[in-house]
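The values are calculated or read from the model by the stated rules, or taken from the named source; none is laboratory data. Not measured: the values here are computed from a predicted model. Cβ placement follows ideal geometry from the backbone for every residue including glycine, while neighbour counts extend to all protein chains displayed.
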């Protein structure tokens, strides 16, 4: 199925942190991959975070006398999510304080999500376009907002493909924004497409988990739930956030920046020949990276995004703004990152202690400098080789790849691989 068609299937739902919209949408997600569903009760707390209850708007009217001049039930996002009920007559100045508009597009209605994440005294309000706001004159108005909150469950979708290693790479996208095609159903679609492809690969080296969940709350409570053994194996995370619009793609680095997954992403972007830019952690886009790469978890996390875009968090973020070319490029870049990760050659030690590498049984010793004894000049390359020989066991214990080890010692990859293959032939190291 084409990526745009996946987006169209997953787009038209009233998503939130918890609620009926998410529950209905799960049926469509399950047609694409057989996800494991994790449920968390609304009201559940962790580290000061509290999963919001399900919210529903019953009525949202602005009346001029008996005339209805704005009916929130007739459009998307017309009342901020989690808005409290309110009934009363107020003047123009007070009403304006409770109206939210998009400053970037006069025809757009903004999605006001703040009530989901900012614990504060419940308030009420309206969201509308700037053109609609112009119709409201300086007079008194009757306001009628009726909303309800009820207990519900936050659903986190997990799909895991096992590999030879338990080391796990997480691909993450979020599904908590109602009727938003690019932010972030585009990320969900690319993640799903990747896993449909990964299923076809036999003998995968790594384990892969696709995690589709409400922003922040989903990863926070999911990480807190999973067992310590699984948690220990979470190696890297790639966030897919707003990846289908027509902007150039951007890479946001992990906290440490110079990790294997950071470097693989850079190489994949260069190989794609698409224009791209990079930025340090949290300087490009703010999202679930602060969860995965937080203290105690420290999962090296990078982000791919095409943010910002003018339709962001408005009712104009529809499938119409998705570029089929750009979202396909995003998918191919992600696929390239994963395939390069899979194809990297890795060894692990198959012995204990220190091996006499100069022993004729092994013949693996690479000379150290011997001042006054060497007849020829001891070169920088020879020094690097001797250093690599000594570092190799500990670097393999750190799970560095042959490519990483070659880069570290500034030596040709193919020559380093040939040397490692000699170790392998002596049964000192084994491939995994």
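Against the numbered list (1) in the same structural domain as residue 188 (by TED's automatic domain parsing); (2) at pLDDT below 95, residue 338 comes up short only at (2).
When residue 192 is tested against (1) in contact (Cβ under 8 Å) with a residue 60 or more places away in the chain; (2) within 30 Å of residue 432 (Cα to Cα); (3) surrounded by fewer than 22 Cβ atoms within 10 Å (Cβ to Cβ), just one condition goes unmet, and that condition is (3).
Highlighted here are the helices (runs of 4 or more DSSP H) found entirely within the range 351-426 that include at least 1 residues which are more than 34 Å from the chain's Cα centre (by Cα): 380-397, 413-425. For the range 41-57, state whether one or more residues are more than 32 Å from the chain's Cα centre (by Cα) and surrounded by fewer than 20 Cβ atoms within 10 Å (Cβ to Cβ). No: the range 41-57 contains no residue that is more than 32 Å from the chain's Cα centre (by Cα) and surrounded by fewer than 20 Cβ atoms within 10 Å (Cβ to Cβ).
Among the residues of the range 197-226, which ones are part of a loop (DSSP other than H, G, I, E, B), in contact with a helix residue (DSSP H, G or I) (Cβ under 9 Å, 6 or more places away or on another chain) and over 11 Å from residue 288 (Cα atoms)? Hits for the range 197-226 are 201, 204, 205, 206.
Residue 239 meets the conditions (1) under 13 Å from residue 301 (Cβ atoms); (2) out of contact with any strand residue (DSSP E or B) (no Cβ under 8 Å at 6 or more places or on another chain) in every case but one. The failed one is (2). Only residues that are over 20 Å from residue 171 (Cα atoms) and touching a helix residue (DSSP H, G or I) at 6+ places or on another chain (Cβ under 6 Å) were counted across the range 23-48, and they come to 2.
Here residue 326 passes the criteria (1) without any contact (Cβ under 8 Å) to a residue 60 or more places away in the chain; (2) more than 30 Å from residue 431 (Cβ to Cβ); (3) part of a helix (DSSP H, G or I) except the one numbered (1). Looking at 367, 349, 384, 336, just one residue is surrounded by fewer than 20 Cβ atoms within 10 Å (Cβ to Cβ), under 30 Å from residue 250 (Cβ atoms) and either touching a residue at least 12 places away in the same chain (Cβ under 8 Å) or in contact with a helix residue (DSSP H, G or I) (Cβ under 9 Å, 6 or more places away or on another chain) (or both), and that residue is 336. Considered as a group, the residues in the range 165-191 that are in contact with a helix residue (DSSP H, G or I) (Cβ under 9 Å, 6 or more places away or on another chain) and farther than 28 Å from residue 108 by Cβ include one that is modelled with the lowest pLDDT, and that residue is 166. Would you be able to tell me the number of residues in the range 121-160 that are without any contact (Cβ under 8 Å) to a residue 60 or more places away in the chain, buried (at least 18 other Cβ atoms within 10 Å of the Cβ) and outside any loop (DSSP other than H, G, I, E, B)? Looking only at that region, the number is 1.
Within the option set 344, 363, 348, 352, being closer than 21 Å to residue 430 by Cβ and touching a strand residue (DSSP E or B) at 6+ places or on another chain (Cβ under 8 Å) holds for one residue only, 348.
Against the condition farther than 30 Å from residue 237 by Cβ, touching a residue at least 40 places away in the same chain (Cβ under 8 Å) and either assigned to a helix (DSSP H, G or I) or not assigned by TED's automatic domain parsing to the domain that holds residue 237 (or both), how does residue 331 come out, does it pass? It is false that residue 331 is farther than 30 Å from residue 237 by Cβ, touching a residue at least 40 places away in the same chain (Cβ under 8 Å) and either assigned to a helix (DSSP H, G or I) or not assigned by TED's automatic domain parsing to the domain that holds residue 237 (or both). Just one of the listed residues (303, 277) is part of a strand (DSSP E or B), at pLDDT 95 or above and surrounded by fewer than 18 Cβ atoms within 10 Å (Cβ to Cβ), namely 277. Would you say residue 16 is under 20 Å from residue 125 (Cα atoms) and assigned by TED's automatic domain parsing to the domain that holds residue 195? Yes, satisfied. Restricting to the range 85-102, count the residues that are part of a loop (DSSP other than H, G, I, E, B) and under 27 Å from residue 316 (Cβ atoms). Looking only at that region, the number is 3. One residue stands out among those in the range 393-429 that are in contact with a strand residue (DSSP E or B) (Cβ under 8 Å, 6 or more places away or on another chain) and within 15 Å of residue 351 (Cβ to Cβ): the one that is surrounded by the fewest Cβ atoms within 10 Å (Cβ to Cβ), which is 397.
A quick yes/no check of all residues on (1) within 14 Å of residue 177 (Cα to Cα); (2) touching a strand residue (DSSP E or B) at 6+ places or on another chain (Cβ under 8 Å):
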position	(1), (2)
16	yes, yes
20	yes, yes
29	no, yes
37	no, yes
50	no, no
56	no, yes
63	no, yes
76	yes, no
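Selection over the range 287-310 of residues that are over 13 Å from residue 237 (Cα atoms) and touching a strand residue (DSSP E or B) at 6+ places or on another chain (Cβ under 9 Å) gives a count of 3. Restricting the search to the range 200-225, which residues are within 25 Å of residue 399 (Cβ to Cβ) and exposed (fewer than 15 other Cβ atoms within 10 Å of the Cβ)? If the condition is that a residue be within 25 Å of residue 399 (Cβ to Cβ) and exposed (fewer than 15 other Cβ atoms within 10 Å of the Cβ), then 201, 202, 203 are the ones that fit.
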